[in-house]
Structure formats: structure tokens, C-alpha cells
1. Let me check against my output: what whole-number percent is the relative contact order of chain A, with C-alpha pairs under 8 Å and at least 6 apart?
2. Diagonalise the Cα gyration tensor of segment A:279-384 and give the resulting equivalent ellipsoid semi-axes, square root of 5 times each eigenvalue, largest first, whole Å.
3. What lysines does B:Lys102 reach when the alpha-carbon gap must be under 16 Å and sequence neighbours fewer than 8 apart in one chain are set aside?
4. Expressed as a whole number of Å, what is the distance separating the alpha-carbon centroids of segment B:123-193 and segment A:24-50?
5. So for segment A:102-223: antiparallel DSSP bridges make up what percent, rounded to the nearest 5?
6. Helix B:62-75 sits at what angle to the longest principal axis of chain B, using alpha carbons and giving 0 to 90 degrees rounded to 10?
7. In a solvent-free Debye calculation with one equal scatterer on each Cα, what is log10 I(q)/I(0) for segment B:45-193 at q = 0.12, 0.13, 0.20 Å⁻¹, listed in the order of the q values?
8. Among the lysines, which fall within straight-line cross-link reach of A:Lys49, defined as a Cα-Cα distance under 30 Å, with same-chain neighbours fewer than 8 residues apart omitted?
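The values are calculated or read from the model by the stated rules, or taken from the named source; none is laboratory data. Since we're looking at a predicted model, the values are computed, not measured. Ideal geometry is used to build each Cβ from the backbone, glycine not excepted, and the neighbour counts take in all protein chains shown. The accessibility values were calculated without ligands, DNA or RNA, using every heavy atom of the protein model including side chains. Shrake-Rupley method; radii C 1.70, N 1.55, O 1.52, S 1.80 Å.
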Amino acid sequence: MRHVYFDSNATTRVAPEVLEEMMPYFDRSYGNPSSFHSFGSACMEAVEKARKQVADLIGAAPEEVFFTSGGTESDNTALKGAARMDPSRNGLVVSAVEHPAVLETARYLERRGHPVFYAGVDSEGSLNVREVSSAVDEGTALVSLMAANNETGVLFPVDELAKIAHGMGALYHTDAVQAVGKIEIDVRKQDIDLLSISAHKLHGPMGAGALFVRRGIDLPPLMHGGHQEEGLRAGTLNVPGIVGLGKAAELAGEELREGSAERLRNLRNRIEEGIISTCPETLILASETERLPNTLTAVFGGIESEAILTLLDMKGISASSGSACSTGTTDPSHVLTAMGCDANMGNSAIRISFDRYTTEEEVDYLLEQLPPIVEKLRDVSPYA
Amino acid sequence: MWKYSEKLIEHFKNPRNVGTLEDPDGHGEVGSPVCGDAMVLDIRVDDEQRISDIKFKTFGCAGAIASASALTEMAKGRTLQEALSIKASEIANYLGGMPKEKFHCSVLGNEALADAVKDYRQRRARLANELETLLSNPPEDLARLLGEEVEVLSVHPSRVRLGGTADHTDTLAERLSKLLSDSVDRDVEVSLE
């Protein structure tokens with residue numbers, strides 16, 4: 001059976017160029033970059049090359065890029081570190097639609113006595129900036145607001161949020177895991193202090209990521225141990241993963257310059273128009289809001305998302321939903337709930353996300369398979 | 001993806017007894033859009049209290065749809081009592097097993113069926129009640145038609161069977177049917193033996 005992948009916000013295929021670049025570091029140049037001998041230290045050159053590649057993608061200096069195990073670790077390092085730098089300034093401002101890596105870390109810190117404010121979004125997924133503005137005060141250590149939402153693709157106004165944070169002397173962190181490589185990010189121009197990156201969201205390998213830390217910020221480490229990464233992140237460097245992240249960042253930069261966003265946006269528009277014209281009672285979430293070019297969430301009224309995913313899966317199509325039926329009650333995602341979707345709507349939402357390898361022909365296949373699935377499930381539904 | 005059995009997948013892709021019944025003898029509803037899964041289920045019941053027809057509609061995942069389908073297939077032809085005793089674990093077995101996280105899905109069908117049976121019993125009790133009132137205190141024209149002794153043989157939400165010595169049985173049945181239909185807001189068939 002053919003397989004068509006429409007879940008690129010979950011993870012992406014490792015680009016062949018990336019894989020090729022990584023391979024020697026498993027079995028030929030396998031030294032530890034921290035070793036004294038040249039066999040090991042040669043690997044440090046590969047790591048430094050990757051650091052430059054990542055820095056270039058986001059407009060940073062290489063020494064501001066610290067390698068981690070991925071987005072979750074980068075977020076944890078940023079939040080826990082920034083919240084504990086100054087006891088007189090220990091508050092956090094986040095949004096209700098952050099990835100769990102930020103949201104759960106904020107809740108953990110809240111239980112530890114850190115004041116946390118959770119800013120809301122409107123029904124189109126847009127951040128309530130005024131709420132953020134009034135929540136940030138002299139006690140705020142860090143404002144952490146994502147660059148792009150993983151479920152809806154909605155973009156937050158990073159530049160404006162950085163200004164709000166800095167206006168009160170707070171640091172600004174952005175979880176840019178979904179945004180990096182898909183839209184232009186420039187930490188200098190946008191005045192970002194801390195930024196999280198994950199390799200596997202941009203055709204790099206799983207298990208590698210980075211945290212950008214603006215020069216001059218003395219962030220305490222999450223991991224204690226060896227002296228790697230200037231003491232910010234102890235642990236033997238994941239050389240193949242880091243090399244893969246570097247190459248993936250370089251490719252993403254090239255793609256962006258060649259207009260990848262425009263191509264993805266055209267695909268998205270085709271999918272959205274196709275769904276709307278063939279599936280009645282369907283709506284696209286946040287369609288009026290500025291979004292990532294590769295992400296859309298469609299709500300198929302009256303039918304349950306997991307049933308749709310199961311039938312799509314049988315046709316070889318991988319997509320995802322904002323909820324899972326597994327615990328006795330099906331709760332819609334925190335993102336859709338924050339947007340004011342009731343459970344019925346939230347449980348009928350399907351996320352379709354794609355990437356540079358997605359073809360027009362694959363979009364045709366999706367648009368051909370989806371309508372009969374929706375119709376079939378509507379026949380069984382008491383609400384349709 | 002969940003590890004579903006072939007039989008469960010088959011029921012999910014081709015669910016049996018999907019739909020609604022016109023003028024059902026019992027109608028059940030469980031769940032609601034605000035709590036995830038939901039199901040409606042209609043039954044038709046014969047005079048021996050057997051489920052002669054059953055239809056359902058479900059808002060839910062593959063497990064919920066397949067177990068509703070299985071339940072209707074298992075319940076059809078059984079007496080109400082037998083159908084009510086079908087356990088969630090029997091539905092899971094019938095489908096060749098079910099992931100344990102999905103067990104709650106099969107409970108939904110049982111609840112819908114129990115609700116439909118409850119509705120059937122309420123409709124039946126209401127009709128029996130109306131009938132008793134009519135027979136014990138009949139309007140004048142009906143009193144003339146009724147014989148000395150009228151015995152209630154059986155009551156079903158949409159039909160009653162009477163025995164006795166009445167004359168003009170056709171006229172009486174028609175008149176009783178009209179009065180009962182009006183009071184329970186549903187066509188009621190009356191037969192006299």
C-alpha cells in the first residue's frame with residue numbers, strides 16, 4: 001500500500017543530504033569531541049561547523065548556540081534557568097497554547113512558588129497581546145511565548161512580545177521548534193533572548209536540538225556534569241545528531257531563500273479549498289490568522305477525529321488530531337480548548353501538516369480519499 | 001494506531017444496523033457532544049419481548065463504532081432481558097479482543113441499549129395506564145361498546161390485545177385505538193379476541 005505523510009509537525013523525514021553528512025560520525029569519526037587526541041578533537045570541528053550552520057539560520061553568532069537533546073530540553077533549560085537567575089525576579093508569562101514542554105515546565109515552576117501568568121488566545125488562535133502586556137511586571141523573569149503553534153500553525157508577534165518583555169526588564173524566550181526553517185527568524189532583528197530549536201522538525205534527526213542564548217545572559221545549566229557547551233549543558237556531545245542538525249539548518253536556509261514558504265502556502269491553499277468544496281459542514285481553524293505555511297487544522301462537524309484518522313490510516317495517509325480517545329473521556333487539546341472550541345468541535349479536528357517533500361500528487365490523493373471517509377462517518381453519526 | 005483485531009476493523013468499516021427506526025418502541029440516548037462519545041439507539045420489540053429490529057448511530061472512534069455494531073448484532077433476536085445482560089467484555093470477545101484503553105467504548109452501547117429498554121418500558125407503562133383509566137371509567141359511547149368483561153391480554157407500546165365478550169368488536173377496536181393514540185401521541189393498534 002502506498003504511504004502518504006501529512007504529519008510533518010510531529011516529525012519529518014531526515015533529508016538524504018543530512019543522513020549522508022551524519023553517517024561518518026557513527027563508525028569512522030567516532031571520537032569524543034572532548035578528548036585530548038586529534039581523533040576526538042577532529043569531531044569538535046564538525047560540531048563547530050554545525051554551530052555556525054544553526055547560527056546562520058537564525059541570525060545568531062555561533063557562540064550563542066548551545067546544543068541540547070531537542071526542543072523539550074531547550075525549553076526546560078530556558079524556563080528553569082531564567083526563572084532561577086534572580087530570586088527577586090522569578091515570575092513567568094506564558095500562553096495557554098504553548099507546547100507541553102513549556103506549559104508543563106511553567107506549571108512545575110508554579111508549584112515551586114514561581115508566579116506564572118497564562119495568557120489567552122481568541123477564537124482565531126491569536127494571542128491576547130494586551131493581556132501579556134499588563135501581566136509583565138518588575139517581578140517577571142521570563143516571557144515565553146511560542147513563535148508558531150504546533151496544532152493550528154498560528155504565528156505570535158515575536159517582535160512585539162520581545163519589546164513588551166524588555167520594557168519591563170524581563171527576558172524573552174520563544175519556542176520556535178515549529179517555526180524555524182518554515183518562516184524567517186532573526187534573533188538579532190527580532191531582539192530574542194532565548195530560542196528553542198529541534199532538529200527533527202526540519203528534516204534533521206530526532207534527539208538533537210539547540211538553545212540560542214543571547215550573549216551576556218548567564219543562564220544556569222539544567223544538566224550538571226562535564227564542561228561541555230561552556231558548562232550550560234553537560235554530557236557528551238551527540239556528534240552525529242549535531243552534524244545532522246547543522247546540515248538540516250543549512251538546507252532549510254537555502255529552501256527559505258528559494259521560496260519554500262510560498263510553495264508550501266500554495267499547497268495549503270489547495271488542500272483547504274479542496275476540503276471545503278468537497279466536505280460540507282467543515283471549517284478551517286484560524287483561517288483568517290497569519291499561520292505557518294505548512295499547517296492546517298480542519299474541523300469536520302459531527303464526526304470524531306480518531307475515526308477519521310483510522311480510516312485515513314487504512315488508506316496509507318498519516319495525519320493527526322488534537323485529541324485521543326483513550327481514557328474514558330475524550331478531551332480536546334488544550335490549544336483548541338483555549339480557542340473556545342467545545343469538546344464536540346475539538347474532538348472533530350484533524351491537523352494536516354506537510355513539508356518540502358510533499359508533492360501535488362500526494363495532495364490529490366488526500367483530497368480524493370478524504371471526502372468518502374467523511375461521508376461514511378457522517379452516515380453513522382447522530383449529529384450529522 | 002491502536003492494535004485492532006480484523007473483526008473489529010471489519011465492523012468499523014461496515015457497521016451493521018446503522019440508522020434510526022421510524023416510530024421505535026424504545027429510543028435510547030447516551031453521552032453528549034460535550035463529553036466526547038455519544039450514541040443513539042432505537043429498538044423494535046415483538047409481543048414476546050424480543051428485539052426484532054435495532055438501529056444505532058454513534059459519534060466516536062473506531063472502537064466505539066465497532067462495538068455498537070457488534071452489540072446490535074448480538075442483541076437482535078434476543079429478549080430484552082437477555083440483551084440487557086450482554087456484558088462489555090462479551091462485546092470485546094465478540095470482536096476478537098479490544099485494546100484495554102478502548103473498553104469504555106463498548107460500555108457506551110450497553111448504556112444506550114439500557115436507555116432504550118427503559119424508554120420502551122416507560123412507553124408501555126404509560127399505555128397500560130391510559131388503557132386502565134379508559135376501561136375503568138369509559139366515556140359514554142365507549143361504555144356502550146364494551147361488553148361485560150374485558151380482559152387485557154397484552155400491552156405493547158404500540159398495540160394492545162384485549163379479550164372479552166364485547167359486541168361490535170371492529171367499532172370498539174377503532175374507537176379504543178383512536179382514544180389511546182390521542183392520549184399517548186402515537187398510533188396504537190387494538191385487537192380484540
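1. Across chain A, relative contact order equals 22 percent.
2. Working through the eigenvalues yields semi-axes of 21, 18, 13 Å.
3. Hits, sequence-local ones excluded: B:Lys3, B:Lys7, B:Lys87.
4. Result: 95 Å between the Cα centres.
5. So the antiparallel bridges amount to about 50 percent of the total.
6. 40
7. -0.61, -0.66, -1.09
8. A:Lys80, A:Lys182, A:Lys189, A:Lys201, A:Lys247
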